[in-house]
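All remarks here apply to the structure that follows.
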Amino acid sequence: MKKNIYKKIYKKIKKYHDIVIVRHVGADPDALASQIGLRDVILNTFSNKNVYAVGLPSSKFKYVGVLDKTCDINYKNALLIILDTPDKKRIDGADPSMFKESIKIDHHPFVEKISDLEWIDDTASSTCQLILDLIFHTSLQINDEIAKKLYMGIVADTNRFLFRYTSEKTFTLVSKLLQKTHIDFPSLYDNLYMRSLKEIKFQGYLLSKLEVTENGFGYVKITEEDLQKYDVDAGTAGNMIDRFNYIDEVYAWGFFAEDVKHENIRGYIRSRGPIINDIASEFHGGGHIYASGARFHDFDEVDSIIEKLDARCHTYCLEKDL
């Protein structure tokens, strides 16, 4: 199956004149970079096709590239490609049932089948890694601008190759990318890691408010008042969650930020040992086993997941004799 999946996906792309590419709601650099990168690599290979990358834009990650505002095609004769999205409810911008055929390419653990053809590899560091793998196994033509996008997506989802999802294959593909394109990759890090002074101050606030349970679960509850005080939004907390990865007494941690605009509380959860995605799935969320998200109606629900995650840390400590 793995050897044939590249050919199957390429044949579908080659077959259709009209193609729409989507990803999950709440875009991050990997989702956007894989989406825009795949659109551009298809257009770079088949200049006569209509290929659209659609969904809500993200002003925070606008450096990745520009999405398409319109999509003037007949969906019934078009191909939909869904990236970085494990289940139908998280797709941003399209309904698979409207399209003639659909493909899913994803590195999250399997949740449900939503496409005619699915390539799921939860050992991959990122969806950008899968797109790069697809390019190098087919006749899709990459260029420097596309290479920059895919590199940024891989770097963002691995946190500069620090996370355990990084594999030998990740380095092999990135090495091939750099050899083939010779992009100036150090210059790309500014966009990914430069922060405003207010965000750095907000990070200090998060650290000062971090609560750590006896079992090693760390958490911060962030109210709308907190966000207004530092002039940041709920998503800012999510962009800082990985910076708390190296606290010796903390095995898993979460930021829970009030999002008045969407009338919910956004949860960002990470782990360096205990599995967390099954618990996140109980609270309108999910994700990777060590990196997940969830949505809550109120802080009472947040207290419930904190209790469950604390218990998971307790079990982890017993198993590891910590």
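Just so it is clear, none of the values below were taken in a lab; they were calculated from the coordinates. This one's a predicted model, so the numbers in the text were calculated from it and none came from an experiment. A quick note on method: Cβ atoms are made from the backbone with ideal geometry, for glycine too, and the neighbour counts reach across all protein chains shown.
The table below lists the values:
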quantity: Neighbour-count order for L130, L38, L188, fewest beta carbons within 10 angstrom listed first; calculated: L188, L130, L38
quantity: Ranked packing of 233-244, 40-51, most packed first, by mean Cβ within 10 Å; calculated: 233-244, 40-51
quantity: Mean-position separation - Cα centroids, region 158-213 and region 56-102, in angstrom; calculated: 26
quantity: Rounded to 5, the percent of DSSP beta bridges in region 197-320 classed as antiparallel; calculated: 75
quantity: Helix 144-158 vs. the chain, principal-axis angle (Cα, 0 to 90°, nearest 10); calculated: 30
quantity: FRET efficiency estimate (nearest 0.05) - Cβ-Cβ, N48 to C317, R0 45 angstrom; calculated: 0.15
quantity: Percent RCO, i.e. relative contact order, over the chain, from Cα pairs under 8 Å lying at least 6 residues apart; calculated: 12
quantity: Three-way shape label, region 164-322, alpha-carbon gyration tensor, a/c 1.5; calculated: oblate
quantity: Of the chymotrypsin sites (Phe, Trp or Tyr not before Pro) in region 136-183, those whose Cβ has at most 15 other Cβ within 10 Å and which sit in DSSP loop; calculated: F161
quantity: Cα-based helix-to-principal-axis angle, 2-15 vs the chain, degrees rounded to 10; calculated: 60
quantity: With Cα atoms, 0 to 90° folded angle of helix 29-45 axis to the chain main axis; calculated: 10
quantity: Length added when fully stretched, R164-K11, from 0.36 nm per residue minus Cα-Cα; calculated: 51.8 nm
quantity: 11 Å reach of a label modelled at M98, 7 Å along Cα-to-Cβ, counting backbone N of region 51-87; calculated: 55, 71-76
quantity: Test item: Cα-centred dipole of region 1-118, Lys/Arg +1 and Asp/Glu -1 on Cβ, debye; calculated: 460
quantity: Antiparallel DSSP beta bridges within the chain, as percent of all bridges there, nearest 5; calculated: 45
quantity: Cα pair distances of the chain binned at 10 Å [whole percent]; calculated: 6, 26, 33, 23, 10, 1, 0
quantity: In nm, spacing of pseudo-spin labels at N77 and E225 (7 Å Cα→C-beta vector); calculated: 6.0
quantity: ³J(HN,Hα) computed for each position of region 253-259 - Karplus, 6.51 cos²θ - 1.76 cosθ + 1.60, integer Hz, glycine/proline x; calculated: 8, x, 10, 10, 10, 5, 10
quantity: Top of Y290, Y205, Y52 by mean-square fluctuation, Gaussian network on the chain, Cα under 10 Å; calculated: Y205
quantity: Gained length - V25 relative to L188, 0.36 nm times residue gap less alpha-carbon distance; calculated: 56.3 nm
quantity: Amide H contacts of D84 (H built 1.01 Å from N, under 5 Å, at least 5 apart or other chain); calculated: I105, D106, H107
quantity: Cα centre as origin, Lys/Arg/Asp/Glu Cβ charges: the chain dipole, Debye; calculated: 1740
quantity: Rg to Rh quotient for region 35-181, alpha carbon positions, Kirkwood Rh; calculated: 0.94
quantity: Inverse of mean 1/r across different Cα pairs in region 62-113, Kirkwood, Å; calculated: 12.5
quantity: Residue order, fewest to most surrounding Cβ atoms within 10 angstrom, among L80, L210, L173; calculated: L210, L173, L80
quantity: Computed label-point distance, nm, for sites S58 and R195 using a 7 Å Cα→Cβ extension; calculated: 1.6
